[in-house]
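*Asks:* The structure follows.
The values are calculated or read from the model by the stated rules, or taken from the named source; none is laboratory data. What you see is a predicted model, and the numbers here were worked out from it, not measured in a lab. Because the Cβ atoms are built from the backbone with ideal geometry, glycine has one as well, and the counts that use them run over all protein chains shown. In case anyone asks, the SASA skips ligands and DNA or RNA and just uses the protein heavy atoms, side chains included. Shrake-Rupley method; radii C 1.70, N 1.55, O 1.52, S 1.80 Å.
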Amino acid sequence: MNLELAIHFLFGNFASMIEFSRFSLANGLRVIVHEDHTTPMAVVNVLYDVGARDENPEKTGFAHMFEHLMFGGSINIPVYDSPLQMAGGENNAYTTSDLTDYYCRLPAENLETAFWLESDRMLSLAFSRKSLNVQKKVVSEEFKENFINQPYGDAWHKLRALAYRVHPYQWMTIGKDLSHIESARLQDVKDFFFEHYTPANAILTVAGNVSLDQVKSLAEKWFGEIPVRKKYERHLPEEPVQTEARFLEVTADVPLDAIYKCWHGFSRTDAGFYSMDLLTDILSGGNSSRLYQSLVKDKKLFSSISCYHTGSIDPGMVVIEGKLVRGIKIEDGDAAIQDELEKIKNNPPDSPELQKVKNGTESSLAFEDVSLMNRALSLANYELLGDANYINTEWDLYNAVTTDDIVNTAKKIFRKENSSTLYYRRKNQNNYL
Amino acid sequence: MPDRKKAPALKEPNAYEVRLPACEKIELKSQVPLFYVKGGAEPVVQIEWVLRAGNIFENNKGVAAAVAALFKRGTGKKSAFEISRQFEFFGASFQAVCQAEYVVLSLETLSKYIGELLPLVRELLTDAIFPDDEFELYRQNSIQHLQVYLKKSDFVADREMGTMLFGRNNPYGKKTAIADLDKLSLTDIKNFYEKNYLDGDLKIFASGQWDKDFVELMEHNFGDLNIGNKKVLPDVETQEPEIRKNDLVIDSNGVQASIRIARIFPDKKHPDFQKALVLNTIFGGYFGSRLQSNIREDKGYTYGIYSYLQFNLKYTLWGISTESGKEVADAAISEIYKEMDRLTKEEVPQEELQLVRNYSIGRQLNGLDGPFRIMDWWRMLIMNDLDEKYFEERIRTIKTITPGELLEVAKKYLKPEDFLELKVV
């Protein structure tokens, strides 16, 4: 048995290692290759290091709308989608506060089609006026569908604006306001493209039934000639430490009172991230969690409650949101939440409670790696955080978290002066339906 | 310098041999069939217990869903908390989804904990006691969840379209109201569990990785259940629609309309079904479809528009669904009918059909990526009394259907007068 096999054997209890290789092109494009010869498919993922946090405060929602425009034709190819579909592929994209990601999958024999399409839109878009005009409307409908035409749809806009005074996380990826999207001009599109869509600002991940040599030669052929362009330097304002509790109350036509509370937490790359992640699971991961057992089951104050964090690259938020049982005062629900947070600061979780959330994490990490697409997305995301190999090592950081870490994290985060609270009250208090 | 104007050479995806990998079957001593597909690089497993215990078998609305939620909230030996904690301690998830015809209980876990978790699933399937306090909690909270959903135009539109098509008393068309949840009875719930779980019609589907004692473990935990009772789907009648076109307003300040246009369609064993699937892809079944290209990508009326064939056992439907700006909703509806009409008058051009063939074969290939996806296919086939020939027919139809055949199917089924129309703001 050679050493490598021995190591695999020792760690055999946990998910298999995800093998990958990395190289860079002269223009700064980073490339990750993950070979998996059990599938006939290939995944090509291009992650751009630009998100809603890089937007001008007067032009919010732009990074996301730009993502739509990336499908409106590039300099040499009039449409993106149909050549990919002709090759048996399909694609999509998403934008967050931190990044924009484009992914496609297709039969591995047709890998080159994806290189052709992705490299051409990194080279230059067609900057079609028609595409801009149509996508403004499409994104406006997306805004309405998810944030206006939904009960509680504006809660997150309000909560972010309450918690962040300076940092661009104060607005949602979709944008602050419909008018920002409607006022976008073609010149804005061009400026944004040449500032952010550069090879050095991108990570190309290729996974599936491919070989390193093949990817090297295709990457050089299709992406190698894209000019370096100037690398974007990010200078975002740091959110000042919050020193007093913030509070906002709204009334709207919703069926139930709701509460949203948030606290500034750790960044994705902070050592405290792992205990913060496990802390939110202890509070609300499943029906055996503390918030469900105490506030839904025993005290019957909430019909649903959850705790999670935003997982963002700059320091994000830990959030608790819940809907109150009809007839319960929001203030009483709020006080009960605070009691639970005091409890975790004063009574550390016992060892089975901590082990439970670690096991849950181990399991979700393994399930995430089942699909080829997820492996490619994870590798790209980890590379953006600093090292694609976190996909293999991050579990050790979770596993090392102690009960003291959980208590200390709770003490650091769940402080009154670090909190923002939104009471979302329903109108028509006497109407049963 | 590559020639960027020219697409790289393709292997036509249509040239791929696409085969459904095999699924093993054994019968446990209880005569419960166990189907399994072993494979994958990750040490994880998914096991599904599928019972014929969907809404169609209930006498009062909301009972089947309540049983699916409550049978894991207390047994003769364990409280709801202890049950949740045991699944969660091992990092597993155990979900029950209640559909029209059956309920799917799905366990996802690291393979190394199967032995700890199977006895618990057995306990839930044989010894659920439905405690009073859990029942009251469920009733209170499901009423409140429903109150929130009734404010969502998409949810209301989906329910109303079911009722318009199938009738309010038909299992596919009935909708649970707040009043039905108020009236839920624990006696009904216990009876339903006895009849459809304890004395149920069960099949088990497992996929992923496991040790060689897996079948023994399954036999040990489920081999003595007295549960091989074959349940026949009750006959359900559809009625002539009372309303063919409806406009509902649930929020006078709403900024979008949820549009649903649908017709009843023959079930998936009908000879036209597979052909209609290809036609549906062209019509509104993928991002390059006619509906999406016209109504989203050309006119910007919506964030997304889709057409789909539902996969019910008895009756299925062919529908179109979109949320569009309130002020452009009527324009969107008229474009939907225009696209329908165009498919009934003009043959689909060869190039578009070739693209749809290639795209669809690529999707089918990807749909076989790993044991979970392969089992999704098999579960669908087995629950519908179909076999791999049906899969082969799917591939054959995608590869060989002609523009003439598509036109014929369109003429037969895409007649605007056969579709019901609903708009909810």
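*Asks:* Hey, does the stretch B:370-389 have a residue that's farther than 30 Å from B:G208 by Cβ, touching a residue at least 60 places away in the same chain (Cβ under 8 Å), among the acidic types (D, E) and open to solvent by 20 Å² or more (accessible area, probe 1.4 Å)?
*Replies:* The answer is no, given that none of the residues of the stretch B:370-389 is farther than 30 Å from B:G208 by Cβ, touching a residue at least 60 places away in the same chain (Cβ under 8 Å), among the acidic types (D, E) and open to solvent by 20 Å² or more (accessible area, probe 1.4 Å).
*Asks:* Is it the case, given these coordinates, that A:D314 is open to solvent by 10 Å² or more (accessible area, probe 1.4 Å) and in a helix (DSSP H, G or I)?
*Replies:* Against the criterion (open to solvent by 10 Å² or more (accessible area, probe 1.4 Å) and in a helix (DSSP H, G or I)), A:D314 does not qualify.
*Asks:* Select from the stretch B:1-26 the residues that are of a type in the set (A, V, I, L, M) and either within 11 Å of chain A (Cβ to nearest Cβ) or over 23 Å from B:D369 (Cβ atoms) (or both) and write down the one among them that is most open to solvent (accessible area, probe 1.4 Å).
*Replies:* The qualifying residue most open to solvent (accessible area, probe 1.4 Å) is B:M1.
*Asks:* Same structure, new question: Output the number of residues of the stretch B:401-425 satisfying the condition of being among the charged types (D, E, K, R) and within 25 Å of B:Q350 (Cα to Cα).
*Replies:* 5
*Asks:* Same structure, new question: If B:G300 satisfies every condition in (1) open to solvent by 10 Å² or more (accessible area, probe 1.4 Å); (2) closer than 25 Å to B:K152 by Cα but one, which is the exception?
*Replies:* (1)
*Asks:* Sort out which residues of the stretch B:173-194 are surrounded by 14 or more Cβ atoms within 10 Å (Cβ to Cβ) and in a helix (DSSP H, G or I), and write them in order of number.
*Replies:* Hits for the stretch B:173-194 are B:I178, B:D180, B:L181, B:L186, B:D188, B:I189, B:K190, B:N191, B:F192, B:Y193.
*Asks:* Hey, another quick one. When you scan the stretch A:236-265, how many residues do you find that are within 14 Å of chain B (Cβ to nearest Cβ), assigned to a loop (DSSP other than H, G, I, E, B) and surrounded by fewer than 17 Cβ atoms within 10 Å (Cβ to Cβ)?
*Replies:* 1
*Asks:* A:R268 fails exactly one of the following numbered conditions: (1) in a helix (DSSP H, G or I); (2) surrounded by fewer than 22 Cβ atoms within 10 Å (Cβ to Cβ); (3) in contact with a Gly (Cβ under 7 Å, 6 or more places away or on another chain). What is the number of that condition?
*Replies:* Going through the list (1) in a helix (DSSP H, G or I); (2) surrounded by fewer than 22 Cβ atoms within 10 Å (Cβ to Cβ); (3) in contact with a Gly (Cβ under 7 Å, 6 or more places away or on another chain), A:R268 breaks only (1).
*Asks:* Kindly indicate whether A:E233 is surrounded by fewer than 15 Cβ atoms within 10 Å (Cβ to Cβ), in contact (Cβ under 8 Å) with a residue 60 or more places away in the chain and either touching a Phe, Trp or Tyr at 6+ places or on another chain (Cβ under 6 Å) or in a loop (DSSP other than H, G, I, E, B) (or both).
*Replies:* No.
*Asks:* Since B:D267 meets every condition but one in (1) more than 22 Å from the chain's Cα centre (by Cα); (2) among the acidic types (D, E); (3) more than 14 Å from chain A (Cβ to nearest Cβ), which condition does it not meet?
*Replies:* Unmet for B:D267, out of (1) more than 22 Å from the chain's Cα centre (by Cα); (2) among the acidic types (D, E); (3) more than 14 Å from chain A (Cβ to nearest Cβ): (1).
*Asks:* Let me ask something additional. What residue, among those in the stretch A:301-337 that are within 14 Å of chain B (Cβ to nearest Cβ) and among the charged types (D, E, K, R), is nearest to A:P168 (Cα to Cα)?
*Replies:* Only one residue fits best here, namely A:E321.
*Asks:* Another question, then. Can you find a residue in the stretch B:284-291 that is surrounded by fewer than 23 Cβ atoms within 10 Å (Cβ to Cβ), part of a strand (DSSP E or B) and assigned by TED's automatic domain parsing to the domain that holds B:M383?
*Replies:* Within the stretch B:284-291, none of the residues are surrounded by fewer than 23 Cβ atoms within 10 Å (Cβ to Cβ), part of a strand (DSSP E or B) and assigned by TED's automatic domain parsing to the domain that holds B:M383.
*Asks:* I need the full set of residues from the stretch A:69-99 which are among the aliphatic types (A, V, I, L, M), part of a loop (DSSP other than H, G, I, E, B) and open to solvent by less than 40 Å² (accessible area, probe 1.4 Å), in order please.
*Replies:* Scanning the stretch A:69-99 gives A:M70, A:I77, A:A87, A:L99.
*Asks:* Considering only the stretch B:233-259, how many residues are out of contact with any strand residue (DSSP E or B) (no Cβ under 9 Å at 6 or more places or on another chain) and modelled with pLDDT under 85?
*Replies:* Matching residues across the stretch B:233-259 total 7.
*Asks:* In the stretch B:306-315, how many are more than 15 Å from B:D158 (Cβ to Cβ), open to solvent by less than 50 Å² (accessible area, probe 1.4 Å) and either free of Cβ contacts under 8 Å to residues at least 40 places away in the same chain or hydroxyl-bearing (S, T, Y) (or both)?
*Replies:* Within the stretch B:306-315, residues that are more than 15 Å from B:D158 (Cβ to Cβ), open to solvent by less than 50 Å² (accessible area, probe 1.4 Å) and either free of Cβ contacts under 8 Å to residues at least 40 places away in the same chain or hydroxyl-bearing (S, T, Y) (or both) number 0.
*Asks:* Being over 30 Å from A:G89 (Cβ atoms) and free of Cβ contacts under 8 Å to residues at least 60 places away in the same chain, is that true of even one residue in the stretch B:28-40?
*Replies:* No; the residues of the stretch B:28-40 include none that is over 30 Å from A:G89 (Cβ atoms) and free of Cβ contacts under 8 Å to residues at least 60 places away in the same chain.
*Asks:* Residue by residue through the stretch B:44-96, note down the ones that are more than 14 Å from chain A (Cβ to nearest Cβ), hydrophobic (A, V, I, L, M, F, W, C) and free of Cβ contacts under 8 Å to residues at least 60 places away in the same chain.
*Replies:* B:A68 - this is the single residue of the stretch B:44-96 that is more than 14 Å from chain A (Cβ to nearest Cβ), hydrophobic (A, V, I, L, M, F, W, C) and free of Cβ contacts under 8 Å to residues at least 60 places away in the same chain.
*Asks:* Taking B:S334 as the residue in question, decide whether it is open to solvent by 20 Å² or more (accessible area, probe 1.4 Å) and of a type in the set (G, A, S).
*Replies:* So B:S334 passes the test.
*Asks:* Are there any pairs, at least 6 apart or on different chains, whose C-beta atoms fall under 6 Å, with the first in the stretch A:117-136 and farther than 22 Å from B:R296 by Cα and the second assigned to a strand (DSSP E or B), and if so, which?
*Replies:* A:E118/A:V46; A:D120/A:S74
*Asks:* Going by what's in this entry, would B:R357 be described as within 22 Å of the chain's Cα centre (by Cα) and open to solvent by 20 Å² or more (accessible area, probe 1.4 Å)?
*Replies:* So B:R357 fails the test.
*Asks:* Let me ask you something else. Which of the numbered conditions does A:E225 fail, given that it passes all the others? Conditions: (1) under 30 Å from A:T393 (Cβ atoms); (2) surrounded by fewer than 20 Cβ atoms within 10 Å (Cβ to Cβ).
*Replies:* The number of the failed condition is (1).
*Asks:* Which condition from (1) open to solvent by 100 Å² or more (accessible area, probe 1.4 Å); (2) within 14 Å of chain A (Cβ to nearest Cβ); (3) in contact with a helix residue (DSSP H, G or I) (Cβ under 7 Å, 6 or more places away or on another chain) is the one that B:K29 breaks?
*Replies:* Every listed condition holds for B:K29 apart from (2).
*Asks:* Does B:G115 count as more than 26 Å from A:K300 (Cα to Cα) and surrounded by fewer than 19 Cβ atoms within 10 Å (Cβ to Cβ)?
*Replies:* Answer is yes for this residue.
*Asks:* When you scan the stretch B:226-243, do you find a residue that is on the phi > 0 side of the Ramachandran plot, buried (at least 16 other Cβ atoms within 10 Å of the Cβ), outside the structural domain of B:Y390 (by TED's automatic domain parsing) and out of contact with any Cys (no Cβ under 9 Å at 6 or more places or on another chain), even just one?
*Replies:* No, that holds for no residue.
*Asks:* Can I ask one more? When you go through A:L125, A:L111, A:L159, A:L106 one by one, which is the residue that is open to solvent by less than 10 Å² (accessible area, probe 1.4 Å), at the interface with another protein chain (Cβ under 7 Å from one of its Cβ atoms) and either touching a helix residue (DSSP H, G or I) at 6+ places or on another chain (Cβ under 7 Å) or modelled with pLDDT of 95 or more (or both)?
*Replies:* Result: A:L106 is the single residue among A:L125, A:L111, A:L159, A:L106 that is open to solvent by less than 10 Å² (accessible area, probe 1.4 Å), at the interface with another protein chain (Cβ under 7 Å from one of its Cβ atoms) and either touching a helix residue (DSSP H, G or I) at 6+ places or on another chain (Cβ under 7 Å) or modelled with pLDDT of 95 or more (or both).
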